[in-house]
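**Student:** Got a structure for you, questions after.
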Amino acid sequence: MIQFVVSILLFFVIFFGLAFILNMLLRQTWLMAFIYPFIVIMIVDNISTVEYFTNPGSAFSAAFRRLAEITIADISILGAGFLGTIVSGFVIRFLRKSGYRMF
């Protein structure tokens, strides 16, 4: 149970930080929120990225099959990561409205 709570907190913080840095550098507030589903597929599928280009039919079917097999605990952890990207977008917008030009 402790690992579950720590995993949720860790995914939230990691993806908040990644999204914050990406938003700060590229000035695209919601870019990480759109990229996050692809990151989730890369985490869940256990398939090489090259396989999507060399054998797309079996790679996509295997990826969606594994995505359908994830548990509620995995969904909670991955959902915390997505929540981190969303919160990061709101923080960046708030900082920009507050006058911080670098954001």
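**Student:** Starting with the highest mean, order 25-36, 60-71, 83-94 by the number of other Cβ atoms within 10 Å, averaged over the residues of each peptide. List each step's numbers first, then the result.
**Tutor:** Details: 25-36: 14.9, 60-71: 12.4, 83-94: 17.8.
Order by mean packing, descending: 83-94, 25-36, 60-71.
**Student:** With axes computed from alpha carbons, what is the tilt in degrees of helix 72-97 against the longest principal axis of the chain, rounded to the nearest 10 within 0 to 90?
**Tutor:** It works out to around 30 degrees.
**Student:** Let me ask you something else. Going by average Cβ neighbours within 10 Å, how do the peptides 42-55, 3-16 rank, with the highest at the top?
**Tutor:** 3-16, 42-55
**Student:** Follow-up. Expected output is a single nm value to one decimal: the length gained when fully extending between ARG93 and THR71, i.e. 0.36 nm times separation in residues minus the C-alpha distance. What is it?
**Tutor:** Once the chain is fully extended between ARG93 and THR71, it gains 4.6 nm.
**Student:** Let me ask something else. Hey, what number do you get for the chain at 222 nm if only DSSP H runs of n ≥ 4 count, each worth -39500 (n - 2.57), divided across all residues, to the nearest 500?
**Tutor:** The helix contribution divided over the chain gives -27000 deg cm²/dmol.
**Student:** Using +1 at the C-beta of Lys and Arg and -1 at the C-beta of Asp and Glu, which of VAL40, THR71, ALA59 has the Cα lying farthest in the positive direction of the dipole of the range 28-103?
**Tutor:** Positive-most Cα among the choices belongs to VAL40.
**Student:** Read phi for every residue in the range 51-63 and hand back ³J(HN,Hα) as whole Hz from Karplus 6.51 cos²θ - 1.76 cosθ + 1.60, θ = phi - 60°, with x for Gly and Pro.
**Tutor:** Taking θ as phi minus 60°, the curve returns 4, 5, 9, 7, 9, x, x, 6, 5, 5, 5, 5, 5 Hz for the range 51-63.
**Student:** Treat the range 2-97 as a sphere of radius equal to its Kirkwood radius over Cα pairs and apply Stokes-Einstein at 20 °C in a medium of 1.002 mPa s; give the translational diffusion coefficient in µm²/s, rounded to a whole number.
**Tutor:** 149
**Student:** Quote the relative contact order of the chain in percent (integer), defining contacts as alpha-carbon pairs under 8 Å separated by 6+ residues.
**Tutor:** 48
**Student:** Pop a pseudo-label 7 angstrom from the Cα along the beta-carbon direction at both GLN28 and LEU10 and give the gap in nm to one decimal.
**Tutor:** That separation, rounded to one decimal, is 2.9 nm.
**Student:** How much length is gained on full extension from PHE64 to TYR52, taking 0.36 nm per residue of separation minus their Cα-Cα distance?
**Tutor:** 3.1 nm
We did not get these values from a lab; they are worked out from the coordinates using the rules stated. Owing to the predicted nature of the structure, the values given are computational and were not obtained by experimental measurement. Glycine also receives a Cβ, built like all others from the backbone with ideal geometry; neighbour counts cover every protein chain displayed.
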